[in-house]
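Beneath this line is the structure, given in C-alpha cells, with notes to follow.
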C-alpha cells in the first residue's frame with residue numbers, strides 16, 4: 001500500500017534527478033509527475049508551487065551530504081588530508097560516470113536560479129557551508145602538519161572554489177583533464193603548505209652550487 005510519505009519522497013526524488021539532468025527551469029511539472037508516478041493533486045498537496053519542491057530538494061541535499069558524500073570517504077580513509085582528496089575523487093568519479101555531462105547539483109542550481117528566489121539561495125549557501133565545514137574538520141585534524149598561520153576556514157573555501165571551478169570546466173570541455181589538473185595543483189599547494197609546517201627565510205634556504213666550466 002502506497003502511503004502519502006512514499007508519494008512525497010517519490011516527488012522529491014523525481015524532481016531532484018530531473019533538476020540535475022536538465023535544470024530547474026527546463027523541468028516541467030508534468031515531467032515530475034510522470035517520473036514520480038504521482039497525480040497532480042498529490043503534488044500540489046505537498047508542494048503548492050514548484051519552488052516549494054525546489055526547497056525540498058535542497059533540504060534533501062543537505063541531509064544527503066554526510067551519509068552519501070562525506071561519510072563513505074571517512075569510513076575508508078583515516079588520514080585527514082587524504083580524506084579531502086577522497087571527497088574530490090568522488091566528484092571525479094561522478095564526472096566520469098556521466099561523461100562530464102552533470103556537475104555539482106548545488107553549483108548548477110546556484111548558477112541557474114534568479115535573485116528573486118531568496119530562500120532557495122539561502123539553502124544553497126547552507127549546502128556549501130556544510131561542505132566547507134566537513135573539509136575544515138579535516139584541515140583542523142591535520143593542523144599540526146601546517147605552518148602556524150594557515151587559516152583552515154579560508155583554505156576550506158579555497159578547496160570548494162577549486163572543486164566547483166574544476167567541475168564547471170570539465171562540463172564545459174566535456175573532458176576530465178581540467179578537473180585533474182586543478183586537483184593536481186591543489187595537491188601541490190597542500191604539499192607546499194605542509195613542508196615541515198615551517199617557513200624558511202631566503203638566508204636559511206640551502207644554496208645551490210653551480211659548477212662553472214673552466215676556460216681553456
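How far apart, in nm, are two points set 7 Å out from the Cα along the Cα-to-Cβ line at residue 194 and at residue 29?
5.2
Compute the normalised compactness of the chain: alpha-carbon radius of gyration over 2.2 N^0.38 Å, N being the residue count.
1.34
Could you line up 185, 113 from fewest to most neighbouring Cβ atoms inside 10 Å?
185, 113
Over the stretch 1-65, what relative contact order in percent results from Cα pairs under 8 Å that are six or more residues apart?
Computed over the stretch 1-65, the figure is 40 percent.
Only counting other Cβ atoms within 10 Å, I'd like 177, 126 sorted with the fewest neighbours first. All intermediate terms of the calculation are to be shown ahead of the outcome.
On the way: 177 11, 126 15.
Fewest to most other Cβ atoms nearby, the residues stand as 177, 126.
For the stretch 50-114, what is one quarter of the convex hull surface built on the Cα atoms, given in nm²? Walk me through the numbers on the way to the answer.
Values: hull surface 21.1 nm².
Over every viewing direction, the Cα hull of the stretch 50-114 projects on average to 5.3 nm².
Using Cα centres only, tell me the gap between the stretch 130-160 and the stretch 12-63 in whole Å.
Between the Cα centre of the stretch 130-160 and that of the stretch 12-63, the gap is 35 Å.
Taking only the C-alpha atoms, wrap a convex hull around the stretch 1-83 and report its volume per residue in Å³ as a whole number. Could you put the intermediate results ahead of the total?
Values: hull volume 9.6 nm³, N = 83.
That works out to 116 Å³ per residue.
Suppose we look only past 14 Å in the calculated P(r) of the stretch 1-48. What percent of the Cα-Cα pairs does that tail hold?
Counting every Cα pair in the stretch 1-48, those more than 14 Å apart make up 43 percent.
Where does each of 192, 83, 92 land when they are ranked from fewest to most other beta-carbon atoms within 10 angstrom? Walk me through the intermediate numbers first.
Numbers: 192 9, 83 22, 92 18.
Fewest-to-most Cβ neighbours within 10 Å comes out as 192, 92, 83.
Ignoring everything except DSSP H segments at least 4 long, calculate the 222 nm mean residue ellipticity for the chain; use -39,500 (n - 2.57) per segment, divide by total residues, nearest 500.
Taken over the chain, the calculation gives -21500 deg cm²/dmol.
Just so you know, all these numbers are worked out from the coordinates, no wet-lab data involved. Values in this document were obtained by computation on a predicted structure and should not be read as measured data. Positions of Cβ are backbone-derived with ideal geometry, glycine not excepted, and every protein chain shown enters the neighbour counts.
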